[in-house]
1. Out of all the residues in region 67-83, which are in contact (Cβ under 8 Å) with a residue 12 or more places away in the chain and away from ligand 1 (no atom under 13 Å from the Cβ)?
2. Where the second residue is within 16 Å of ligand 2 (Cβ to nearest atom) and in a loop (DSSP other than H, G, I, E, B) and the first is of a type outside the set (Gly, Ala, Ser) and lies in region 149-163, which pairs have Cβ atoms under 6 Å and are six or more apart or on separate chains?
3. Which of the numbered conditions does residue 234 fail, given that it passes all the others? Conditions: (1) more than 20 Å from residue 4 (Cα to Cα); (2) more than 16 Å from ligand 2 (Cβ to nearest atom); (3) outside the structural domain of residue 288 (by TED's automatic domain parsing); (4) at pLDDT 95 or above.
4. Name the pairs whose Cβ atoms lie under 6 Å apart, with the first residue in region 11-36 and in the same structural domain as residue 81 (by TED's automatic domain parsing), the second assigned to a helix (DSSP H, G or I) and hydroxyl-bearing (Ser, Thr, Tyr), and 6 or more positions between them or separate chains?
5. I'd like to verify a number: residues in region 345-355 that are outside any helix (DSSP H, G or I) and surrounded by 19 or more Cβ atoms within 10 Å (Cβ to Cβ), how many?
6. Would you please name the residue that is nearest to residue 280 (Cα to Cα), looking only at residues in region 84-124 that are within 16 Å of ligand 1 (Cβ to nearest atom) and of a type in the set (S, T, N, Q)?
7. If I ask for residues that are touching a Leu at 6+ places or on another chain (Cβ under 8 Å) and more than 10 Å from ligand 1 (Cβ to nearest atom), which ones from region 148-175 would you list?
8. Does region 287-319 hold any residues that are in contact with a Pro (Cβ under 6 Å, 6 or more places away or on another chain) and touching a residue at least 24 places away in the same chain (Cβ under 8 Å), and which are they?
Amino acid sequence: MDNFNFCSPTEFVFGRGRENECGKFVRKYGGSRVLIHFGGGSAVRSGLIDRVKQSLKDEGIAFCELGGVQPNPRDTLVYRGIELCRKEKADFILAVGGGSVIDSAKAIAAGVLYDGDFWDFYSGKKIGQALPIGVVLTIAAAGSEGSGDSVITKEDGLLKRGTGSDVLRAKFSVLDPELTCTLPAYQTACGATDIMAHVFERYFTNTREVEITDRLCEAVLMTMVKETPRVIDDPYNYDARANIMWAGMVAHNGIVGVGRSQDWNSHAIEHELSALYDCAHGAGLAVIMPAWMEFVYSHDVMRFCQMATRVFGCHMNYEDPDVTAREGIARFRSFLHSIGMPVNLSELGAKEEDIPTLVEKLGLGEGRTWGFVRLSAEDVTEIYKLAAAAEA
Ligand code: NZQ
Ligand code: ZN
């Protein structure tokens, strides 16, 4: 196991009705003038925004609001948020929504305290400070409620880029599983796919002797395999929603990836798809991740066999481990298909003829990515082609 630091300072406030306490937590973490940031309408329609406002009023906390965050959040709204925070002298941002809202809130939080263009942070500059943020989560997916990451799309050129810093981690995150019961089945499945992908990005490692994190990863994956079909069949199943919501946090706050090298190439390859086609990130991953697995499994067949046998219950073929590894990948793809995810590029709404553009935008040039297997532009092209040809 490698040396590591692990910092997860967020206070998680879990359970039914806990959003009614968010005013108390804003006060606890020093907020007195709050920007409430939210998405395209689901949190307004459900009455959640009204409950959040009431909770702030109960604590005597002033607030302003900025809705309209789109999935794959845009830089243009971030600039408006920064301006609004400065005008209203906001000292705390409360993100009410999913990964897109939280990531937009994080970008605003960093941008408000920075003299330059906030996009610098998404082009490699280190973030020094940010306004404190709180979260009321409405979808189990991106894990942004527990992560220090943020991903924003620059409208000009459709560049989707990420940044990360512990200063972006939320002070508190309210996780009420009941809030996720209104999610359509498709969004639920996209979220489940993203959660599994966050684990796989860490699971496929070149670091040896990492039994504890391997087992934690497998626990999250097996939970998702069990609970996702339950909520697709029965969206109001509180306990299944609760298990998924906590799995989504555990998958991405860093704890299952400590002490080991990680991959993240499927995410980088997918981000080009959601940037170009504005598809859901989880749906893009459903197409890319099994294709990536097919491309790289021979690098460490036994690690793929471990996934196949432990997570998907495949029989170990000692004569020909390739068979087991491939069966594990096939079972993962058919699981994703069974929960309603696209299997190939065309089902996602992407075009095979755009592959050169997608590869170009990734900007590898003659170089290679980092990760489990370091990929060249030619390798990424092959992965997109495998994703185009895949069948259920
Ligand atoms: O905008 P509204 O009307 O709220 O609708 C949203 C949106 O259309 C809807 N929704 C959310 N909660 C709902 C609901 N509909 C009904 N009932 C509810 N309770 O769901 C749609 C998707 O929301 P979004 O926030 O985009 O989903 P998600 O949480 O999957 O976030 C995706 C974004 O996060 C990024 C992705 O790239 C993508 O941009 N990621 C962020 C990460 C991070 N910060 O750590 C890591 C991830 O790997 C990921 O890249
Ligand atoms: Zn993701």
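1. Narrowing region 67-83 to residues in contact (Cβ under 8 Å) with a residue 12 or more places away in the chain: 67-82.
Those that are in contact (Cβ under 8 Å) with a residue 12 or more places away in the chain and away from ligand 1 (no atom under 13 Å from the Cβ): 76, 79, 80, 81, 82.
2. Every condition considered, the pairs that remain are 152/73; 153/72.
3. (3)
4. Between residues of region 11-36 that are in the same structural domain as residue 81 (by TED's automatic domain parsing) and residues that are assigned to a helix (DSSP H, G or I) and hydroxyl-bearing (Ser, Thr, Tyr), the close pairs are 20/55; 22/55; 23/55.
5. First, pick out the residues of region 345-355 that are outside any helix (DSSP H, G or I): 349-351.
This time we only want the ones that are surrounded by 19 or more Cβ atoms within 10 Å (Cβ to Cβ), so: 350.
Looking only at that region, the number is 1.
6. 100
7. 158, 173, 174, 175
8. Of the residues in region 287-319, the ones in contact with a Pro (Cβ under 6 Å, 6 or more places away or on another chain) are 287, 301, 305.
Passing the criteria: 287, 301.
The values are calculated or read from the model by the stated rules, or taken from the named source; none is laboratory data. What you are looking at is a predicted structure, and each value in this text was computed from that prediction instead of being measured. So basically every Cβ, Gly included, is an ideal-geometry build from the backbone, and we count neighbours across all protein chains shown.
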